[in-house]
Amino acid sequence: MKVDRKKVPAGSKSPSGDLGLKRSKFPCDPEYQGEANEDLAVKRSMSFPVVALGASAGGLEAFTRFFKALPPDTGMAFIVVAHLDPTHVSLLPDLLQKQTVMKVVQAKNKQKIQPNSVYVIPPNKDLSILNRVLFLLPPPRARGMNLPINRFFCSLAQDQGERASAIVLSGTGTDGTLGVKAIKAAGGVVLVQDEASALYTGMPKSAADSGYVDYTLPSEKMPDKLISYFSTERSSIVPAGSVENTRFADELPKILVILRNHTGHDFSLYKRNTLLRRVERRLHVHQIDSISSYIQFLQKSETEAAILFKDLLIGVTSFFRDPEAFDILKQQVIPKLLSERADDQVIRIWVPGCSTGEEVYSIAMVFDEVMESMNRQVSLQLFGTDIDDGAIEFARVGLYPPGIRNDVNPERLKRFFIQEKSGFFYIKKGIRERIIFALQNVIKDPPFTKLDMLSCRNLLIYLTAELQKKLLPIFGYSLKPNGILFLGSSETIGMATDLFAPLDRKWKIYRQLPESINKKLIVQFPTQMPMDQKKTTVKKTMLPVPEEINELSILESILHQSEIPSGVVTDETGQIYYIHGSTGKFLEPSIGLPRLNLFNMAREGLKKEIASVLRKARSNQGEVVKRGVRFKSNGDEMMVTLTLRPLVIPKFRVRLFLLLFDLRGATGQPKSTPAKTDKKGETTEWLEEELTRTRHTLYTTIEELETSNEELKSTNEELQSTNEEMQSANEELETSREELQSMNEESATVNAELQARIDELSKANDDMKNLLDSTDIAIIFLDKNLNIRRFTPRVTDMMSLTSSDIGRPVRHFASTLKNVDMESLSAEVLHDLAMKDVKAASTSGQLYQLRIRPYRTMNNVIDGVVITLENITQQKPVKKQT
């Protein structure tokens, strides 16, 4: 059905190229804002393909090989995007022109592209395309991490769709990776140079690792693959229900059955046109012209089933996609949502079809910004789900390429990301801890419930209207009263107007109607427990037993041969590694799981004393002795002397101590508790002694605590200062690194261009030398100072010159010519700028025609003279006869 352009409502998507003007700055929208623009697809299929080549360091060699192998009449347009030095005039168009008979030009603003032509990005410019017209834009920054290849690939994907091709050649960094994803999502073809032939493998490897590459091969073999791909006539995609194209209609269910057997996912309720386009694309990639042949190939290849599954799940997402929509959320929707929730309530958000997680993280960041502006601290719980396990694993890691700079402003990058040495950005822990990523099929798995917000963007457009009617009530059931539903700009709630009310029609933000909860919702999904309520069994594991160490066995033999009291070998934390003698009076097992720790096993009265001697031993680095320590053992009061000695065991990782319990140096015999004595005076004396000891212990503890607090405070201040300095230095170094990397890539490109020019000059110089050597004319080149610059071999017949004489004045050399002063004649020519033509005879009887002309450069500057001496001796008799 053709769309009447005159009847398109205001604000809707036009089927013309103006489609691109109404999209987000990351032009990777799925299916080009839906499936409505069928006449646009027909128009594209009749147009010539547009091929974009991206490279940085080492790209000149790859470009050269590509265009050398490229026929001149492919019917395609080629656009070359390279990392160029913004301050250097690019030689790339001239160098590429020597490799192809096609016209190679530097791209100009508002230039319409033509087939069988090559357009090269100019220095210090960004390139974009709209309706097959090139536009030059200023780069985002003068130096640093500019990504012109990503930006142009995305622009090309939006403008040309399935007629677009992206080629990633040699280069460092990751430029082109995000653009490759956009080309693939639009139905185009992606080629990457193999690592074996690339001088620099950073860009090709990054693009290949993304999983969105169709062919990986050397650059000289790419032209044949492009011609083969685009020359294959593509099957026409017809509207659902049409009697045409019955071959695909009959065979497509077989493909879906095979895909379900391999992946466990049913795509039968996906839109037919989307499925056809993806299947057709796989046929063209493998150069298979029969759908039945492809079915046989799919049955035999698990790899192809996985690739087709990934093709159907191309995640079209980015950080803060549709920035205006996120501005509406931040300024209007989220503040109201937070004001309606108490601080002790948890805000729950679900993002089904989250792909690689950018959407979930973006929502979390916006909530964090709004809470800071409102001075609120509300707990957030976000769920991101998808059926692509690879995308979920990627999202859990939270590591994104440098290209996200195009979508995330510097303030958010600094606040929510940590940049790795590789240039990749890592989501900070505070954001990642709020998000749970999980595998889930929104079609058949139970939904999350009691949600405050549900963001399902650019998923419904792939599903049939029947399935959308089933999902929207589920979304309404999942949301709390007045919960927020956030859809993509190409999606609507359809007939579910009784479930949701619009908050912003342009960006498809809706509010759940509270009264809809009382209506009977027919929600069909398996009777499994909802994902957020599934309980996981926590396995109880026993605490690890300390590892046996050979050195301790040596210590054991020493202790047994020595007459020392009972004791234990422990570390600074109180962990027991060895027990010597009988320690039952001082230690007893703790309640619960067995733990070999002094502080858990020490009897009443010993715990604080043991802690005290351990603290002193750490600071004193020597033996610590504490006498008269009172403790209770089995109801009786006893006194013991604690001795703590440091142990030196080289192979042991932790610092060990030997703690000895000595009853010989104290009142070791048990005695009854003072409270039971009949003598009142002894009880009072004991209590006073205990009180004094307790006060002393408390005073010592307070002093140690105050000292520790002061040391910790001082250390903390130093660490904060050091951290700030390191953070500042790290930012400066990161900026410098980006600038150096950019300059290195630009320098590599400039060096390659200059090297190519040097090679050309060397060849030209060789040609000139051979030309001069092959002539039978004596030629001398003099500079402005009449010094010898160059001469031909025949000059040596008249002047004794060698190669070492270059640079010497001509007057230093005598010639065999009679009555000829070359210096004076040359000086006259330089003065008058007129040619001198005289005849001269040599002492050997030869006659020469002497001509002296000014030496002119390409810029018409006089830079010396040229002297030619032609032997005309043989011409003399001829003139006499005539």
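One residue stands out in segment 179-218 among those that are within 20 Å of residue 78 (Cα to Cα), assigned to a helix (DSSP H, G or I) and out of contact with any strand residue (DSSP E or B) (no Cβ under 7 Å at 6 or more places or on another chain): the one that is least open to solvent (accessible area, probe 1.4 Å), namely 182.
Taking the numbered list (1) under 60 Å from the mean Cα position of the chain (by Cα); (2) closer than 19 Å to residue 844 by Cβ in turn, residue 815 passes all entries but (1). Here residue 135 passes the criteria (1) open to solvent by 50 Å² or more (accessible area, probe 1.4 Å); (2) touching a strand residue (DSSP E or B) at 6+ places or on another chain (Cβ under 9 Å); (3) closer than 27 Å to residue 754 by Cβ except the one numbered (3). Within segment 87-98, can one find any residue that is at pLDDT 85 or above, open to solvent by 20 Å² or more (accessible area, probe 1.4 Å) and among the charged types (D, E, K, R)? Looking for residues that are at pLDDT 85 or above, open to solvent by 20 Å² or more (accessible area, probe 1.4 Å) and among the charged types (D, E, K, R), one finds at least one in segment 87-98, hence yes. Checked against the criterion of being touching a helix residue (DSSP H, G or I) at 6+ places or on another chain (Cβ under 9 Å), modelled with pLDDT of 70 or more and open to solvent by 50 Å² or more (accessible area, probe 1.4 Å), the candidates 682, 690 yield just one match: 690. Filtering 114, 158 for residues that are closer than 27 Å to residue 225 by Cβ and assigned to a loop (DSSP other than H, G, I, E, B) leaves a single hit, 114. Listed conditions (1) open to solvent by less than 70 Å² (accessible area, probe 1.4 Å); (2) of a type in the set (A, V, I, L, M, F, W, C); (3) at pLDDT below 85; (4) under 20 Å from residue 206 (Cα atoms) are all met by residue 443, apart from (4). Looking at segment 791-881, the strands (runs of 3 or more DSSP E) lying wholly inside it that each contain 1 or more residues that are without any contact (Cβ under 8 Å) to a residue 40 or more places away in the chain and either out of contact with any Phe, Trp or Tyr (no Cβ under 9 Å at 6 or more places or on another chain) or under 20 Å from residue 769 (Cβ atoms) (or both) sit at 836-841, 847-856.
Of a type in the set (Gly, Ala, Ser) and under 23 Å from residue 510 (Cβ atoms) - does that describe any residue in segment 335-351?
Checking segment 335-351: at least one residue is of a type in the set (Gly, Ala, Ser) and under 23 Å from residue 510 (Cβ atoms).
Mind telling me which of the residues 732, 745, 760 ends up being open to solvent by less than 40 Å² (accessible area, probe 1.4 Å) and at pLDDT below 80? 745 is the lone residue from the list that is open to solvent by less than 40 Å² (accessible area, probe 1.4 Å) and at pLDDT below 80.
Consider residue 94 carefully, then state whether it is more than 32 Å from the chain's Cα centre (by Cα) and either more than 21 Å from residue 164 (Cβ to Cβ) or not in a loop (DSSP other than H, G, I, E, B) (or both).
Here the answer is yes, as residue 94 does meet what is asked.
Of everything in segment 278-298 that is in a helix (DSSP H, G or I) and over 35 Å from the mean Cα position of the chain (by Cα), the residue that is nearest to residue 257 (Cα to Cα) is 295. Considering segment 195-223, the residues that are farther than 17 Å from residue 57 by Cβ and of a type in the set (D, E, K, R) include one that is nearest to the chain's Cα centre (by Cα), namely 209. In segment 765-792, of all residues being within 12 Å of residue 869 (Cα to Cα) and over 60 Å from the mean Cα position of the chain (by Cα), the one that is most open to solvent (accessible area, probe 1.4 Å) corresponds to 776. A count restricted to segment 366-425 and to residues that are part of a strand (DSSP E or B) and not acidic (Asp, Glu) stands at 13. Applying the condition of being more than 28 Å from residue 335 (Cβ to Cβ) and basic (Lys, Arg) to segment 465-481 and asking which residue is most open to solvent (accessible area, probe 1.4 Å) yields 469. I want to confirm something. Restricting to segment 567-607 and keeping residues that are part of a strand (DSSP E or B) and open to solvent by 30 Å² or more (accessible area, probe 1.4 Å), which single residue is nearest to residue 628 (Cα to Cα)? Among those that are part of a strand (DSSP E or B) and open to solvent by 30 Å² or more (accessible area, probe 1.4 Å), it is 579.
Scanning segment 482-523 for residues that are open to solvent by 50 Å² or more (accessible area, probe 1.4 Å) and of a type in the set (Ser, Thr, Tyr), we see that the one that is modelled with the lowest pLDDT is 497.
Applying the condition of being open to solvent by 30 Å² or more (accessible area, probe 1.4 Å) and not small (Gly, Ala, Ser) to segment 275-297 and asking which residue is farthest from residue 189 (Cα to Cα) yields 296.
Here is a yes/no grid of residues against (1) part of a helix (DSSP H, G or I); (2) among the polar types (S, T, N, Q); (3) loosely packed, with under 10 Cβ neighbours inside 10 Å; (4) at pLDDT below 80:
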site	(1), (2), (3), (4)
700	yes, yes, no, yes
704	yes, no, no, yes
709	yes, yes, no, no
720	yes, yes, no, yes
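Please indicate, with yes or no, whether at least one residue in segment 446-464 is open to solvent by less than 30 Å² (accessible area, probe 1.4 Å), assigned to a strand (DSSP E or B) and at pLDDT below 85. Yes, that holds for at least one residue.
Per the conditions (1) in a strand (DSSP E or B); (2) open to solvent by less than 10 Å² (accessible area, probe 1.4 Å); (3) of a type in the set (A, V, I, L, M, F, W, C), the sole criterion not satisfied by residue 363 is (1). Of all the residues in segment 487-503, those that are over 30 Å from the mean Cα position of the chain (by Cα), among the aliphatic types (A, V, I, L, M) and part of a strand (DSSP E or B) number 2.
Scanning segment 424-440 for residues being open to solvent by less than 20 Å² (accessible area, probe 1.4 Å) and in contact with a Gly (Cβ under 7 Å, 6 or more places away or on another chain) gives a total of 3.
Take the conditions more than 17 Å from residue 603 (Cβ to Cβ), touching a helix residue (DSSP H, G or I) at 6+ places or on another chain (Cβ under 7 Å) and at pLDDT 80 or above and apply them to residue 657. Does it pass? When the stated conditions are applied, residue 657 passes them. The single condition among (1) open to solvent by 40 Å² or more (accessible area, probe 1.4 Å); (2) farther than 19 Å from residue 285 by Cβ; (3) modelled with pLDDT under 60 that residue 238 does not meet is (1). Looking only at residues in segment 74-104 that are free of Cβ contacts under 8 Å to residues at least 60 places away in the same chain and among the hydrophobic types (A, V, I, L, M, F, W, C), which one is farthest from residue 132 (Cα to Cα)? Out of the qualifying residues, it is 89.
The values are calculated or read from the model by the stated rules, or taken from the named source; none is laboratory data. Keep in mind that what you see is a predicted model, and the values were worked out from it rather than measured. Glycine gets a Cβ as well: all are built from the backbone with ideal geometry, and neighbour counts include every protein chain shown. These accessible areas exclude ligands, DNA and RNA; they are computed on the full protein's heavy atoms, side chains included. Shrake-Rupley method; radii C 1.70, N 1.55, O 1.52, S 1.80 Å.
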